[in-house]
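Reviewing the structure listed below.
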Amino acid sequence: MFSYILKRVVSTALVCILLIIFLSLLIHIVPGDPAKTILGPRATPELIEKIHTEMGLDKTPFQQITGFFLNALHGDLGTDVFTGRPITEMIMDVFPHSLILTTASLLLAVLLGIPLGIFSATHPNTIGDRILAFLSISFITIPSYVVALIFLLIFSAHLRIFPVIGLGSSGNVGDYIMHLIIPALVLSLSWVGYLARLVRTSLLEVLNETYITAERSMGIKNRTLLFRLALKNALIPTVAVLGVGLGKMLAGTVFVEIIFSRPGMGTLIMKAIQNRNYPVVQGVSLIIALWFVFANLLADIINTRLDPRIQIGKTER
Amino acid sequence: MRKKKNSEIGVLSQLVKTPSGLIGTIIIALLLITAIFAPILSPYDFSTQNISERLSGPTSEHHLGTDHLGRDLLSRIIYGTRIALKVAIPAVIISLFIGVLLGLIAGYFGGIIDYIIIIILDTIQSLPSIVLALVMLTLLGPSLTNLIVVMGLTLFPGYSRVVRAQVMSARQELYVDAEKALGAKPLRIIAGHILPNVVPAVIILSTMDLPAVITIEAGLSFLGMGVRPPSPSWGVILNDGFSHFRQSPWPIITAGAALAITTFGFTLFGESLRDILDPKMSGMDS
Amino acid sequence: MKNKKLFKGVLIICAILIGLTGCSKEKESAAQKDGPKILKVRINADIKNLDPARRYSRWDDVISATIFDGLVSYKANSYDIENVLAEKFEISEDGHEIYFKLREGVQFQKGAGEVTAEDVKFSYERFRDEKTASAYSDDWANLDHVEVISKYEGKIILTEPFAPLMRTTLPLNSGVIVPKNYIEKVGLDGFTTDVIGCGPYYIDEWQPDQKVVVKKNPDYYGKAPYWDEIQFIVISDNQSAEIALQAGEVDFAEISTNTVDTFKDNPDFGITSNSDLDYRWIGLNVENPKLQDVNVRKAIRAAANVPDMITAAYNGMVEQETAIVAPGLLGYWADAPKYTQDLDKAKEYMAAAGIDSLDLEIAVADTSEYRVWAEVLQQNLKEIGINLEINSMESGTFWEIGDGDKGKDVELFAMAFQMQPDPSWATMWFTSDQVGIWNWMRWANPEFDELHKQGLSETDDQKRQVIYEKMQKLMDDDAVAIWVTNGKTYFAYNAKKCSPAMTPNNSLQFRFFSAAK
């Protein structure tokens, strides 16, 4: 177990190093200048030079990469040249919003997906099951930005039950939650589909196993048994999906954050790419990559605990 | 082996026996027909503007309404099918080629080569594909070709992993080692024994990848990094619609529906194909 | 049963959520009744730097204008200038010296001391200081130094007369006074978003990417503003802002030309708009072999249907622009030709150039506005045998294409420049030394260069008018650009709550915002 974790940590470090090298090289090739992008005609040559020096763009890629890592090890990702704010602070400001959005959507997915899956498994091959199967696939396949746009059409133009734009007024928890509901629902849809299908499959598998038939004949109450089994069996795939979901956090939130104008990791990196704000792009990418790798590791470990049949280190993802 | 039994016609006839396979096949057939016969099917040229009739809802002249330049939405959606397939199919082929190659190398040689490849795959996958594609497109500049290349480069790790796993399990089997001992060249072993085992999984994966590529392409176009105007990518139509959604919901509704139906059809098709080609893989989504 | 429990759980969570939101809504409305008067304003981008010398964006300008005062400033809703910090303000006859006397006893916010002539000297001279690296150093292009006469008196000494000084430098952000001692203490890095001025508002809170809050300066020496607190809320997207406005989440917002009608029809909202000063155009690179012939350029100009571009991109809510200097400004060329589509003429020009087909490319930054122009132009040019490819690129890439020799390859491009209310700000980018920098048309005309120099040092308005008209005519003769529009910014506001104020070029004057009229 320990050596497994060590191995994962080493490969995590390698992934991060490679990512930063990749990004640093890219920054040297990508056309576009941060000073000009933001200032347009106001960017004087002196100003451009100053911003380049502050961003460290005048150094060689090698110097940039080593410098970045030395600082990163101290928890310092650099400073945003334009506002003078530490990049770690910028990230910490928006990270919770993305995390809350993801968590809320996964919670919604659990609340909706598991009951749907149980229903399908207990009514296999009925019309209800068929409809749910199609619904699940549609949920999984329809792109999140299409759902987001449609919801924007519905809730902002016609049906004004939920506010959908922005985070809500700050310091107002209730307002924050109200603003969270629709974006979280949009993000949750595909996970609802996944969960419903996973729960159905794993549950049907158990139901077909013979020992249940045996126990049934011994007269144990049908329903109690079913639900105990159902929940227990739903747990493992759920945890796996939750792990993947948390890890893929950013992939989902980019569009939802843009369409609903929410601050978050997605909007932060998009804006940084557009403005050519290289230090911010690097810092945010590093955090995203770290987050992804650790979420996966965590999901793996929890999975092993839950299901002794899986041996750690042998799962290949 | 299994694949011998499944001639192409056999697979197809099995496919249409299940409801989901049938629906998937019909949707894909319709898409292909739409793409091929786009000039015949579309009532107008997709780029002809008529500013005075902009942003109208469905009328008898424009069955799905018009966009902000007064172009016929139905014609644009129809031509959009071409763009979706034009990007998705080559992109999947590129990622398939790179992915299979790297997967074979990693699985066959193992050891340090395998480790290096895995780290590269991890790195690519540690950033969401949309962000990675965005960064690379910024470098290359948006165009149809670049879009295809970037998508290919973003998505190949999936293939590598599947192929690598298959190769590893094939390697466990005795005959490969036996041939090795007999001095067969690696290429021969790969071509003769490993590749055939990998084919069904790769076919399934690439069918399932098509809707993913279409989704990302439209997403990038939605963010303004896709094909050049006036090419009617569904993502471009969505983007234009987003700017004018208070005046007319039709661009969003139509392009959204086109995307939803397409991804739905490909997924149904892919899953049914998987159930037929490789029942072991069913239930292993996510 | 387990599923019932689950169900109950969900119900309870829902109940809590509803309860929470209910409570908070009540609190909010109660606070609004007797609490401080709060104005909520939508801004479309976060602030970057509020230091007047290092500001970057429009919202940096607008917000820092509430915090800082200068010697003089524009009056509400006009370009007329009035004394603010200055008690006396006199320009010498030769235009080389400006004498000022400050009001006595004016205090900087947050206890940063009294405003003195030393602060004035510091505030202006730092624009020319390399360490400040100000993007606005040109505002003080002819500043020699500021001479301190006494604690409250001083003289601004110029190397030569500088016409834009009174028009744009002094009444706007480059003319405001910052606290010398405080900046020397905290350094440049300590004076970015946490700034101190002596204006009617002080900065209270900045939540990056969410909002900036300014509150009424209790010690303000001038007339106290109406609003106790202004919250500038970041909503980048226009659609979202319009929704927020309708939902009452903001009281004042810039809206897109597409939705003006929606708000016009609603009595709860007021609309205000002015033409912008910015100029937007499609440029033609005269150095490019394909466009060297003036007939080709004239053909393109005659084929372009600018009114269609305006309908499609702005819903017809803006005016067509005829030359770079906007209407209402000194230097506006009233008799400039207004081009509309004339395909016959365009074909004649093509024939004169001896060309019947041509492949061209237009570079546009990727925004829906420019893409629409390009798409309309594409259709227009098809009619005269020109095949126009649209190269829509991400803005970072776009800003680089005109650089140095690389700029020679540019063919057509869509562009917009910001402008201040003096014509020299429009002409300065098209002189020959700007070729390879911002003069992407690569149009070099010695006469134009000479006139630009004259215009800067001439102080007589009538003579300047003649100079700038002539310059615009030179540009027109060579058909280097298709002028599209100066643009027009529409603001919608909650008419039951507030009444806005702005200069004729849409510079918002929040200090003059009042209650509903």
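The values are calculated or read from the model by the stated rules, or taken from the named source; none is laboratory data. Just so we're clear, the structure is a prediction, and the values are computed from it rather than from any experiment. A quick note on method: Cβ atoms are made from the backbone with ideal geometry, for glycine too, and the neighbour counts reach across all protein chains shown.
Going by the conditions given, is C:ASP359 out of contact with any strand residue (DSSP E or B) (no Cβ under 9 Å at 6 or more places or on another chain) and either assigned to a loop (DSSP other than H, G, I, E, B) or surrounded by fewer than 17 Cβ atoms within 10 Å (Cβ to Cβ) (or both)? No. The number of residues in segment C:260-271 being in contact with a helix residue (DSSP H, G or I) (Cβ under 9 Å, 6 or more places away or on another chain) and within 11 Å of another protein chain (Cβ to nearest Cβ) comes to 2. From the list C:PHE122, C:PHE89, C:PHE100, the lone residue that is among the aromatic types (Phe, Trp, Tyr), assigned by TED's automatic domain parsing to the domain that holds C:ILE149 and under 26 Å from C:LYS185 (Cα atoms) is C:PHE122.
Per the conditions (1) out of contact with any helix residue (DSSP H, G or I) (no Cβ under 8 Å at 6 or more places or on another chain); (2) in contact (Cβ under 8 Å) with a residue 12 or more places away in the chain; (3) more than 30 Å from C:ALA163 (Cα to Cα), the sole criterion not satisfied by C:LYS347 is (1). Checking each residue in segment C:242-259 for being out of contact with any helix residue (DSSP H, G or I) (no Cβ under 6 Å at 6 or more places or on another chain) and within 11 Å of another protein chain (Cβ to nearest Cβ) picks out C:ALA244, C:LEU245, C:GLN246, C:ALA247, C:GLY248, C:GLU249, C:ASN258.
Regarding C:VAL214, is this residue under 26 Å from C:MET419 (Cα atoms), of a type in the set (A, V, I, L, M) and touching a Ser or Thr at 6+ places or on another chain (Cβ under 6 Å)?
Values: under 26 Å from C:MET419 (Cα atoms): no; of a type in the set (A, V, I, L, M): yes; touching a Ser or Thr at 6+ places or on another chain (Cβ under 6 Å): yes.
Here the answer is no, as C:VAL214 does not meet what is asked.
Test C:ILE156 against the criterion of being at pLDDT 90 or above and buried (at least 22 other Cβ atoms within 10 Å of the Cβ), and give yes or no. Give the steps one after another, and end with the answer.
On the way: at pLDDT 90 or above: yes; buried (at least 22 other Cβ atoms within 10 Å of the Cβ): yes.
Answer is yes for this residue.
Just give me the residues in segment C:227-242 being modelled with pLDDT of 80 or more and either among the aliphatic types (A, V, I, L, M) or closer than 22 Å to A:THR267 by Cα (or both), in sequence order. It would help to see each step written out before you state the result.
First, pick out the residues of segment C:227-242 that are modelled with pLDDT of 80 or more: C:227-235, C:241-242.
Those that are modelled with pLDDT of 80 or more and either among the aliphatic types (A, V, I, L, M) or closer than 22 Å to A:THR267 by Cα (or both): C:ILE230, C:GLN231, C:PHE232, C:ILE233, C:VAL234, C:ILE235, C:ALA241, C:GLU242.
Flag: A:PRO34 matches the condition of being within 11 Å of chain C (Cβ to nearest Cβ), in contact with a Lys or Arg (Cβ under 9 Å, 6 or more places away or on another chain) and farther than 30 Å from A:THR201 by Cβ. No other residue among C:GLN434, C:GLN465 is surrounded by fewer than 22 Cβ atoms within 10 Å (Cβ to Cβ), out of contact with any His (no Cβ under 7 Å at 6 or more places or on another chain) and over 26 Å from A:PRO31 (Cα atoms) apart from C:GLN465.
Would you confirm, using the coordinates I've provided, whether B:ILE253 is within 14 Å of chain A (Cβ to nearest Cβ), of a type in the set (A, V, I, L, M, F, W, C) and more than 19 Å from the chain's Cα centre (by Cα)?
Numbers: within 14 Å of chain A (Cβ to nearest Cβ): yes; of a type in the set (A, V, I, L, M, F, W, C): yes; more than 19 Å from the chain's Cα centre (by Cα): yes.
Yes, satisfied.
Restricting to segment A:17-31, and then to whatever is under 21 Å from C:GLY402 (Cα atoms) and among the aliphatic types (A, V, I, L, M), can you tell me which residue is farthest from the other protein chains (Cβ to nearest Cβ)? Among residues in segment A:17-31 that are under 21 Å from C:GLY402 (Cα atoms) and among the aliphatic types (A, V, I, L, M), the one farthest from the other protein chains (Cβ to nearest Cβ) is A:ILE27. What tally of residues in segment C:48-80 results from selecting those that are among the β-branched types (Val, Ile, Thr) and over 14 Å from the mean Cα position of the chain (by Cα)? So the answer is 3.
The criterion of being modelled with pLDDT of 85 or more, more than 20 Å from A:LEU235 (Cα to Cα), facing chain B (nearest Cβ under 9 Å) and not in a loop (DSSP other than H, G, I, E, B) does not hold for A:ILE273. Residues of segment C:109-141 that are in a loop (DSSP other than H, G, I, E, B) and basic (Lys, Arg): C:LYS131 alone. Among the residues of segment A:12-40, those that are without any contact (Cβ under 8 Å) to a residue 60 or more places away in the chain and over 29 Å from C:ALA365 (Cβ atoms) comprise A:ALA13, A:LEU14, A:ILE17, A:LEU18, A:ILE21. Looking across C:GLY407, C:GLY354, C:GLY402, C:GLY331, one residue alone is surrounded by 22 or more Cβ atoms within 10 Å (Cβ to Cβ) and on the phi > 0 side of the Ramachandran plot. It is C:GLY331. Is segment C:219-241 home to any residue that is within 12 Å of another protein chain (Cβ to nearest Cβ), over 19 Å from C:ALA133 (Cα atoms), free of Cβ contacts under 8 Å to residues at least 60 places away in the same chain and surrounded by 23 or more Cβ atoms within 10 Å (Cβ to Cβ)? Within segment C:219-241 (the criterion being within 12 Å of another protein chain (Cβ to nearest Cβ), over 19 Å from C:ALA133 (Cα atoms), free of Cβ contacts under 8 Å to residues at least 60 places away in the same chain and surrounded by 23 or more Cβ atoms within 10 Å (Cβ to Cβ)), the answer is yes, since at least one residue qualifies. Go through B:ILE51, B:ILE28, B:ILE77, B:ILE112 for me and flag whichever is under 30 Å from A:THR126 (Cα atoms) and within 14 Å of another protein chain (Cβ to nearest Cβ). The conditions single out B:ILE28. Filtering segment A:181-203 to residues that are at the interface with another protein chain (Cβ under 10 Å from one of its Cβ atoms) and over 16 Å from A:ALA133 (Cβ atoms) leaves A:ILE181, A:TRP191.
For segment C:63-94, a tally of residues being surrounded by 18 or more Cβ atoms within 10 Å (Cβ to Cβ) and touching a Ser or Thr at 6+ places or on another chain (Cβ under 7 Å) returns 2. Filtered by the rule that a residue be assigned to a loop (DSSP other than H, G, I, E, B) and over 13 Å from A:PRO31 (Cβ atoms), segment C:400-429 gives C:VAL410, C:GLU411, C:GLN418, C:MET419, C:GLN420, C:PRO421, C:ASP422, C:PRO423. Looking across segment A:134-165, the residues that are within 12 Å of chain B (Cβ to nearest Cβ), surrounded by fewer than 18 Cβ atoms within 10 Å (Cβ to Cβ) and among the hydrophobic types (A, V, I, L, M, F, W, C) come down to A:PHE134, A:LEU135, A:ILE154, A:ALA157.
When we screen B:ILE33, B:ILE28, B:ILE40 for residues that are modelled with pLDDT of 95 or more, part of a helix (DSSP H, G or I) and surrounded by fewer than 20 Cβ atoms within 10 Å (Cβ to Cβ), the only hit is B:ILE33.
Would you point out the residue of segment C:230-261, among those that are hydroxyl-bearing (Ser, Thr, Tyr) and not in a helix (DSSP H, G or I), that is farthest from C:GLU205 (Cα to Cα)? Quick ask: steps written out before the conclusion?
Of the residues in segment C:230-261, the ones hydroxyl-bearing (Ser, Thr, Tyr) are C:236, C:240, C:256-257, C:259.
Next, from what is left, pick out any that are not in a helix (DSSP H, G or I): C:236, C:256.
Values: C:SER236: 19, C:SER256: 28 Å.
Among those that are hydroxyl-bearing (Ser, Thr, Tyr) and not in a helix (DSSP H, G or I), it is C:SER256.
Once segment C:437-449 is narrowed to residues that are under 23 Å from the mean Cα position of the chain (by Cα) and crowded, with 19+ Cβ neighbours inside 10 Å, the residue that is farthest from the other protein chains (Cβ to nearest Cβ) is C:MET441. Scanning segment A:283-306 for residues that are crowded, with 24+ Cβ neighbours inside 10 Å and either without any contact (Cβ under 8 Å) to a residue 24 or more places away in the chain or touching a Gly at 6+ places or on another chain (Cβ under 8 Å) (or both) gives A:GLY283, A:PHE292. For segment C:299-325, taking the residues that are of a type in the set (D, E, K, R) and part of a helix (DSSP H, G or I), the one that is nearest to C:THR367 (Cα to Cα) is identified as C:ASP308.
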